[in-house]
1. Pull out the extension gain between T68 and T155, defined as 0.36 nm times the separation in residues minus the alpha carbon to alpha carbon distance; nm, one decimal.
2. Sorted by average packing, counted as other Cβ atoms within 10 angstrom per residue and highest first, what order do 48-56, 34-42 take?
3. Can you give me the long-range amide H partners of L38? Hydrogens built in the peptide plane at 1.01 Å from N, cutoff under 5 Å, separation of 5 or more residues or another chain.
4. Taking θ as phi - 60°, what are the ³J(HN,Hα) couplings along segment 63-73 by the Karplus curve (6.51, -1.76, 1.60), each to the nearest whole Hz, with x for Gly and Pro?
5. Describe numerically, in nm with one decimal, the distance between label points set 7 Å from Cα along Cα→Cβ at D37 and at Y147.
6. Along segment 84-93, what does the Karplus equation 6.51 cos²θ - 1.76 cosθ + 1.60 (θ = phi - 60°) give for ³J(HN,Hα), rounded to whole Hz, x for Gly and Pro?
7. Using 7 Å Cα-to-Cβ label points, what is the T97/A130 separation (nm, one decimal)?
8. Pop out the ³J(HN,Hα) list for segment 148-157 in order, Karplus 6.51 cos²θ - 1.76 cosθ + 1.60 with θ = phi - 60°, rounded to Hz; leave Gly and Pro as x.
Amino acid sequence: MTRSPARRAAGSAAIVIAALVAILMPVTPAHATYGADLPVSITVTSNAGPPLMLAQVTGTVAFDDGNTKFRYSLRLCWGSGSYPRPNLYVSVNGSSTFYPGQTSTSPAPAGCQLSLYHHDGEYTHPSTIANITVYVQGGWFYPGQTYNSRTKSLTYDNPYN
């Protein structure tokens, strides 16, 4: 049984198109798997003058098994006695500093000013992540116009290395 020239051309064209699609399609890198969410709970309180809750961060962090990424879901409460807005940042391996961007807000729970600030995302580091430290810094004025600040932190070791 002989194939017509038109059928052979159509078959050849299909092979060429399939080969081009295979070549031009981007290769998707393997996705790392995240480990268990680790709880984050840090409260910063004043240590001079009347006791004030300055800032509180709650949420989770998780490391990927590829050792170069972590994800975070953090909620920052600006304590009612604090001024200015507290700082939230993450140190990677004790050397690089990363400031998680605010992604949204929700109504402030009791004890918080204005809103609850959401910081959700993923951070990729150029080398192996041994650990991360989450820092929260709050400030207040006491006595009178004297500015004070306190910082609290929690360190999380990467379980994959």
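Every number here is computed from the coordinates shown, using simple stated rules; none is lab data. Computed from a prediction, not measured in an experiment: that's the story for all the values here. No Cβ is skipped: glycine too gets one built from the backbone with ideal geometry, and neighbour counts run over all protein chains shown.
1. Numbers: separation 87, 0.36 × 87 = 31.32 nm, distance 1.65 nm.
Gain on stretching T68 to T155: 29.7 nm.
2. Values: 48-56: 17.2, 34-42: 14.3.
Ranking, from highest mean packing down: 48-56, 34-42.
3. Amide H neighbours of L38, under 5 Å, 5+ apart: V61, A62.
4. Each residue's phi maps through the Karplus curve to give 9, 8, 6, x, 6, 10, 9, 9, 10, 9, 9 Hz.
5. Reported label-point gap for D37 and Y147 is 3.5 nm.
6. Karplus-based 3J(HN,Hα) across segment 84-93 equals x, 3, x, 9, 10, 8, 10, 9, 9, 6 Hz.
7. About 2.0 nm separates the two model spin labels.
8. Once rounded to whole Hz, the list reads 10, 9, 9, 10, 10, 8, 9, 10, 10, 7.
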